[in-house]
Every structure is written in structure tokens, then in C-alpha cells.
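The values are calculated or read from the model by the stated rules, or taken from the named source; none is laboratory data. Computed from a prediction, not measured in an experiment: that's the story for all the values here. When we count neighbours, we look across all protein chains shown, and the Cβ atoms used for this are built from the backbone with ideal geometry, even at glycine. In case anyone asks, the SASA skips ligands and DNA or RNA and just uses the protein heavy atoms, side chains included. Shrake-Rupley method; radii C 1.70, N 1.55, O 1.52, S 1.80 Å.
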Amino acid sequence: MALDRRWPLALFRGAAPVALGLLLWVAMAGGEQERQQMLKAQPGADAASLAQRRRHNELIMGALREAAQTDDNVAQRQAPWRK
């Protein structure tokens, strides 16, 4: 008979954190569209600055790739693409 009373309590204790997490997830997901609009309106989101940032990232990745392929200390060497 004690087992019959423990089951509902165990189910409640297991379901309460799940319900709380679902409630918080719904609350956070509600502002997602507003956040997306705000990110689009930020400066630096235009095509020119995105292309410039992409080019900068390509230069950095090229330098890292070169450093990974050589045994020389490329950190001490003068880089031709220095800003």
C-alpha cells in the first residue's frame, strides 16, 4: 500500500523539473524573432563589412595553416598582410 502512494510523488518529482525546463524554454524562444530582427539592424551586418570580415578570417586561417605545416617560428616573422 505504501508503494501506491510513492508512485504519484515520484512522478511529480520527475515531471516538475521537465515542466520547469519546458516553461523556461518557451519563455526564451518567444523573443527569438525580435532578437533576429535586432541582430539584422546592428551596424556591421551589411554585405561590405561581412565580406571584409570574411577576408580577414581567411587571412588568419591561412596564417594558422602555414604555421601548422612548418617547423619555423612564424610568430617572429614579418607578415606581408599586417594591418
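Go through (1) modelled with pLDDT of 85 or more; (2) out of contact with any Phe, Trp or Tyr (no Cβ under 6 Å at 6 or more places or on another chain) one by one and return the number of the condition residue 43 breaks.
Here residue 43 meets the rest and fails (1).
Among the residues in region 54-64, are any at pLDDT below 90 and not in a helix (DSSP H, G or I)?
Scanning region 54-64, I find no residue that is at pLDDT below 90 and not in a helix (DSSP H, G or I), so the answer is no.
Please list, ordered by first then second residue, the pairs with beta carbon atoms under 9 Å, 6 or more apart or interchain, first in region 19-47 and assigned to a loop (DSSP other than H, G, I, E, B), second open to solvent by less than 80 Å² (accessible area, probe 1.4 Å) and not β-branched (Val, Ile, Thr).
Listed pairs, sorted by first residue: 43/49; 44/50; 45/39.
Name the residue, out of 33, 69, 42, 37, that is more than 27 Å from the chain's Cα centre (by Cα) and surrounded by fewer than 10 Cβ atoms within 10 Å (Cβ to Cβ). Working first, answer last.
Values: 33 fails: more than 27 Å from the chain's Cα centre (by Cα); 42 fails: more than 27 Å from the chain's Cα centre (by Cα); 37 fails: more than 27 Å from the chain's Cα centre (by Cα).
Residue meeting the stated conditions: 69.
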